[in-house]
1. I'd like the carbon and sulfur percentage of the solvent accessible area for the range 17-142, probe radius 1.4 Å, heavy atoms only, ligands and nucleic acids excluded.
2. For the range 124-244, what does the alpha-carbon gyration tensor say about shape, rounded, prolate or oblate, given a ≥ b ≥ c as the root eigenvalues, a/c under 1.5 as rounded, and a/b over b/c as prolate?
3. Which of LYS122/LYS196; LYS33/LYS140; LYS33/LYS97; LYS154/LYS324; LYS140/LYS228; LYS60/LYS196 have a Cα-Cα distance over 27 Å?
4. Of the candidates SER212, SER71, SER169, which one comes out as most mobile in a Gaussian network treatment of the chain with C-alpha springs shorter than 10 Å?
5. What is the sum of charges, Lys and Arg at +1 and Asp and Glu at -1, for the other residues whose Cβ falls under 14 Å from the Cβ of ALA194?
6. Can you sort ILE89, ILE223 by 1.4 Å-probe accessible area, starting with the largest?
7. Let me know the shape class of the range 1-121, please: from the alpha-carbon gyration tensor, a ≥ b ≥ c as square roots of the eigenvalues, rounded when a/c is under 1.5, otherwise prolate if a/b is greater than b/c, or oblate.
8. I'd like the antiparallel share, as a percent to the nearest 5, of DSSP beta bridges with both residues in the range 131-240.
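The values are calculated or read from the model by the stated rules, or taken from the named source; none is laboratory data. Everything quoted here is computed from the prediction, not taken from an experiment. Neighbour counts run over all protein chains shown; Cβ positions are idealised from the backbone, glycine included. Heavy atoms of the whole protein, side chains included, go into the accessibility calculation; ligands, DNA and RNA do not. Shrake-Rupley method; radii C 1.70, N 1.55, O 1.52, S 1.80 Å.
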Amino acid sequence: MSNNFELIDVTLRDGSNAVNYQFSVEDTENIVKGLEKGGIRWMEIGHGLGLGATERTAIKALHSDEEYIASARIAAKEMKIGCFFLHTIGDKSDIDKAIDCGLDFLRVGPNANMEEIRESGKYIEYAKSKGLIVHCCIRKAYAVTPDELARQAKVVQAYGTDAVIIMDSAGTLLPNQTKEYIYAMKDQMRGCTAMKVGYHAHDNLSLAVACSLAAVEAGADYIDSCLKGLGRSAGNAPTEILTAALKRIGYDKGDFLILQDIAEEYIGRKASESLESISLSFGYAGFHSAFYEMIEKAAKDYHLDPRALVLETCRRERLNLTEKMIGDVAKKMSGF
């Protein structure tokens, strides 16, 4: 196993989903300084939905993209600072403004289908033309087979992305499955020495650390994590625990004692204390929490256990759920 991989802490981006996007610039500065002191070299920050989300959605962050990036840039000595980007929300002007504030890398996040990947391609190319490091983070990767995801990565490679990140957005993959996705990606990319592969776990099955270790064993170049596991739904692999586990198997990727102190001081009880039963159902079924409002409504309308509705819905579809589809499943389950 190679030691040439990086941890990317996404506390201030994915974690913002769990705190209603209310991280302050002071939080940003303190967490960035603490992570850098603890040995973390890459950091993703900003609105959980990416650049432009505060301006173009009803979900408002406490500060603007520019304020978050500028505060992180002031706090960081050598750390690389990045942001997330969805082609359905952001535009090229958001990328330009982020660069002016000191952005180092951009993570473009299409879902795991060719149409979205091609739509995202122009933003990957644009960000590369502006000198940014660019990652294509393929969301809901579990919704396609490892071979299909690898074919999608091959298309992404043509746009010039520096890395493809496999995002297990529902925390549904097992360690052996994680390896299968990494191996398939590496096989497809063989000969493309510049292309790197990363992994982003969620903890719905309490396997985020185990899957991240499996990804490292399979040759991943980037691994995402959050302090105390703070992140959307059941959260992510906890940075402080992951670095401790990595050290146990011979990888020095940070001082887990310092990282633990930072997590306790600045995250504390913002992180979930326990895995909720509904999040466990998400992980078992491969269900993304973004669809949950539709599940709640249908479960209430038809007097169903929302967990059961999640499981039944995901037997039919996991990538593109609609209100009608969920309603039809609920109606059939209820016997109406």
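1. Working: 2230 of 4800 Å².
Carbon and sulfur: 47 percent of the exposed surface of the range 17-142.
2. Numbers: a/c = 1.86, a/b = 1.46, b/c = 1.28.
Prolate.
3. On the way: LYS122/LYS196 20 Å; LYS33/LYS140 31 Å; LYS33/LYS97 23 Å; LYS154/LYS324 33 Å; LYS140/LYS228 23 Å; LYS60/LYS196 33 Å.
Where the Cα-Cα span goes over 27 Å, the pairs concerned are LYS33/LYS140; LYS154/LYS324; LYS60/LYS196.
4. SER71
5. Details: positive: LYS128, LYS154, LYS186, ARG190, LYS196; negative: ASP162, ASP221.
So the environment of ALA194 carries a net charge of +3.
6. Values: ILE89 30, ILE223 0 Å².
Putting ILE89, ILE223 in descending order of accessible area: ILE89, ILE223.
7. Numbers: a/c = 1.71, a/b = 1.20, b/c = 1.43.
In terms of gyration-tensor shape, oblate.
8. On the way: 1 of 13 bridges.
So the antiparallel bridges amount to about 10 percent of the total.
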